[in-house]
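Some notes on the structure that comes next.
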Amino acid sequence: MPEIGKILNNSGTTVCRMFISEAARCRNRYRNHKHTEFEISLILKGNGLYDTERGRENICPGDVFMYSTGEYHCITDIFGESDEDGMLLLNLHFSPNFVWSAGNDYLSNGYLGAFFERGKETSAKLDRRNARFSDVTAMLGGIRAEFSNGGYGYEVMVKAKLLELLVLLRREFFPSAENGDGKNSAYALHAGGIERAIDFMDKNFAGAVTLEEIAREAYMPRTYFCAVFKKLNGMTPWQYINIRRIDEALALLKHSDDTVLKIAVRCGFNNTANFNRIFKKITGLTPAEYRKSLQK
């Protein structure tokens, strides 16, 4: 997974990154894939099938897919006659708070309407017949160039180009998305508190954290904190923590010989039953099944 570039926040957490991913040809390979970031992916090479929450999609070179936080997606089939006929993708991942962070002059997550407000019936694949489709791929290329060059102020330029892309998506591809900017702006006034809470969760997700502790970091009552967090991030605090825990578990299952029980404890679960249940809910496999799949 060659990394093109990334941007860290003041706490050292990655909030935006672009990378190339490769996958070999396969048939009927199902594994749920969710993460706490938004994703926009450009297919550089390969043909296949994508299984998503919004339906099954054919994959062709030049296609662009976009997924919200916590939204399931999985490339199940990659067609080809030989192992060289794999798939190559350009991936852009960015956290919600990279867009609505407290440092913004315009504190609103309205930019994210293309993700949060589009209907469930909307395809995850952008319509290539849209007259502005070529602008989307060009903007992704511009973001890639900024990451690759890494010159002075590239972080600001990446963010500026990303915001331009998000506005284009909202205007030209999802114009019917609900316009909740007024309410969203009110929620986004709490951006600083939510950022502190996310920083706390990123540092302590493997521990025995409570919702009260997390809300305290944001200086909010628990119930109101949960409402604001979900509005700004598209998922609940516990969904965020569980995805972070399972991401860590996936890495440990792949790169260590620790037992499932030991990994469960290291990732914040107090028993294997709960670990297995949440792991399967997020990935579609049990920990043992995932580890076995790595041997194929």
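The values are calculated or read from the model by the stated rules, or taken from the named source; none is laboratory data. Fair warning: this is a prediction, and the values are worked out from it, not measured in the lab. A quick note on method: Cβ atoms are made from the backbone with ideal geometry, for glycine too, and the neighbour counts reach across all protein chains shown.
Structure values in brief
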item: Complete set of residues in the stretch 32-53 that are part of a loop (DSSP other than H, G, I, E, B) and over 16 Å from the mean Cα position of the chain (by Cα); result: G46, N47
item: First in the stretch 119-144 and under 21 Å from C74 (Cβ atoms), second anywhere and among the small types (G, A, S), Cβ under 8 Å, 6 or more apart; result: S123/G55; A124/G55
item: Subset of the stretch 7-32 (residues that are closer than 25 Å to A114 by Cβ and either in the same structural domain as F279 (by TED's automatic domain parsing) or buried (at least 18 other Cβ atoms within 10 Å of the Cβ) (or both)); result: I7, N9, V15, C16, R17, M18
item: Lone unmet requirement of (1) modelled with pLDDT of 95 or more; (2) surrounded by fewer than 16 Cβ atoms within 10 Å (Cβ to Cβ) for D257; result: (1)
item: Any hit, the stretch 108-117, residues being part of a loop (DSSP other than H, G, I, E, B), hydroxyl-bearing (S, T, Y), touching a residue at least 24 places away in the same chain (Cβ under 8 Å) and assigned by TED's automatic domain parsing to the domain that holds V156; result: yes
item: Positions within the stretch 64-82 being part of a loop (DSSP other than H, G, I, E, B) and either modelled with pLDDT of 85 or more or closer than 19 Å to P2 by Cα (or both), in sequence order; result: S68, T69, G70, E71, Y72, F79
item: Boolean, R291 is at pLDDT below 95 and either among the charged types (D, E, K, R) or farther than 25 Å from G12 by Cβ (or both); result: yes
item: Any pair with Cβ under 6 angstrom, 6 or more apart, that starts in the stretch 160-174 at a residue that is at pLDDT below 95 and ends at one that is surrounded by 20 or more Cβ atoms within 10 Å (Cβ to Cβ) and basic (K, R); result: F174/R118
